[in-house]
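Below is one structure, written out as structure tokens, with a few remarks after it.
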Amino acid sequence: MTSRKKRLIKQKESLLERAQEHRIKAETFMVKKDTLPGYWLGEAERFEKQAKEREELLKKVKKK
């Protein structure tokens with residue numbers, strides 16, 4: 001069970017980091033011409049949603 005907890009924690013952290021990177025790209029417009037800032041914001045929201053799901057799974061694992 002310990003390895004599952006570690007895996008969920010690492011996944012949650014990396015998802016939040018990627019979401020932050022995408023938000024920076026959207027705000028600074030340092031993207032390719034074919035992608036719009038709205039795309040990067042949408043990706044950031046999806047990553048944050050996945051991080052919340054990992055957090056819920058982590059809570060369930062901790063209860064056991």
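Odds and ends about this structure:
- Set Arg4, Arg18: member being assigned to a helix (DSSP H, G or I) and at pLDDT 90 or above: Arg18
- Within region 47-64, the set of residues being touching a helix residue (DSSP H, G or I) at 6+ places or on another chain (Cβ under 8 Å) and not aliphatic (A, V, I, L, M) comprises Phe47, Glu48, Gln50, Arg54, Glu55, Lys62.
The values are calculated or read from the model by the stated rules, or taken from the named source; none is laboratory data. These numbers come from a predicted model, not from an experiment. With ideal geometry, Cβ positions are generated from the backbone for all residues, glycine too; neighbour counts draw on all protein chains shown.
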